[in-house]
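Worksheet for the structure shown next.
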Amino acid sequence: MLSDIAHQRGQALLRQRKILLVAAAASFLTNLALVSALSTRDREVILQPISSRPLAISSSGVSADYLELVTRDVALMLLNRSPAGLDYWMEQILKLADPASYGALKAELVKIVTEQRGSDLSQAFVITGMTVDPKALSSTVEGDLKTFVGGQVIASETKRFRFGWSYVGLRLSLTSFALISQNKEAFR
C-alpha cells in the first residue's frame, strides 16, 4: 500500500514536471517571437512637446518638422558667437558632428576660432526663412547676420546657409555647413 501511494506521488510529480517543461518551452518561444518582431519594426521615439505640433522621430527616416527644429537650433548655435565663448561654442558643435565629417568640421571651426580669438568681434543671426528637405537630408536657413565690435554694429547682411545631415538609427548628425553666395559656397 505504501508503494502504491509512493508510485502515485511519483507519477504526479512527473506530470507536474512535464507541465512545467511545456510551459517553460511555450514561454521561451513566445519571448523569441516577441524579440524577433521588435527587432524588425521601425523604432520610434515620442519627443516631449517642444513645439506646437506633436513630434516623433523614427528609424525609418527624419520628419520635416524634426529636421526644421534641429536646423533652427543648430543654426542659432553656429551663427551666434563671441570671443568669450569660442571653446564652448566649438565643443558643442562638434558634439553634433557626424563621425565621418568630424575632422573636416573641426578643421574649419579651428580656423574660425583662431581668427576670432583675442578680437572684439561677435556675431548674431536672426532667422527670417528656412527650407528643409528630409529626403536629401539638407536644409537652408536665411537671415540677418549682424557683426559687432564691442557693442556697436559694424555690418548687417542678409545671408543664406546650407546644412548637410546624416541620419543613422535615431541620431541626426551635422555633416556640413556652408555659406551660400551667388555661385559658390564657402564655409563660415
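Which residues, taken from the stretch 156-170, are modelled with pLDDT under 90 and in contact with a strand residue (DSSP E or B) (Cβ under 9 Å, 6 or more places away or on another chain)?
Selection gives L170 alone.
Before we move on, is A100 among the hydrophobic types (A, V, I, L, M, F, W, C), open to solvent by 40 Å² or more (accessible area, probe 1.4 Å) and in contact (Cβ under 8 Å) with a residue 40 or more places away in the chain?
When the stated conditions are applied, A100 passes them.
So K95 passes all but one of these: (1) under 17 Å from the mean Cα position of the chain (by Cα); (2) surrounded by 14 or more Cβ atoms within 10 Å (Cβ to Cβ). Which condition number does it fail?
(2) is the only condition that K95 fails.
Quick check on I112: is it more than 22 Å from the chain's Cα centre (by Cα), over 14 Å from D73 (Cα atoms), loosely packed, with under 14 Cβ neighbours inside 10 Å and not polar (S, T, N, Q)?
Values: more than 22 Å from the chain's Cα centre (by Cα): yes; over 14 Å from D73 (Cα atoms): yes; loosely packed, with under 14 Cβ neighbours inside 10 Å: no; not polar (S, T, N, Q): yes.
So I112 fails the test.
Taking the criterion of being open to solvent by less than 30 Å² (accessible area, probe 1.4 Å) and either aromatic (F, W, Y) or free of Cβ contacts under 8 Å to residues at least 24 places away in the same chain (or both), would at least one residue in the stretch 164-174 satisfy it?
Yes; the residues of the stretch 164-174 include at least one that is open to solvent by less than 30 Å² (accessible area, probe 1.4 Å) and either aromatic (F, W, Y) or free of Cβ contacts under 8 Å to residues at least 24 places away in the same chain (or both).
If you check V132 against the conditions, is it surrounded by 14 or more Cβ atoms within 10 Å (Cβ to Cβ), in a strand (DSSP E or B) and in contact with a Leu (Cβ under 7 Å, 6 or more places away or on another chain)?
yes
Between a residue in the stretch 138-153 that is within 9 Å of A124 (Cβ to Cβ) and any residue that is polar (S, T, N, Q) and open to solvent by less than 30 Å² (accessible area, probe 1.4 Å), which pairs come within a Cβ distance under 8 Å, given they are 6 or more apart or on different chains?
Pairs found: T147/S122; F148/S122.
The values are calculated or read from the model by the stated rules, or taken from the named source; none is laboratory data. Everything quoted here is computed from the prediction, not taken from an experiment. When we count neighbours, we look across all protein chains shown, and the Cβ atoms used for this are built from the backbone with ideal geometry, even at glycine. Note: accessible area is taken over every heavy atom of the protein model, side chains too, but ligands, DNA and RNA are not part of it. Shrake-Rupley method; radii C 1.70, N 1.55, O 1.52, S 1.80 Å.
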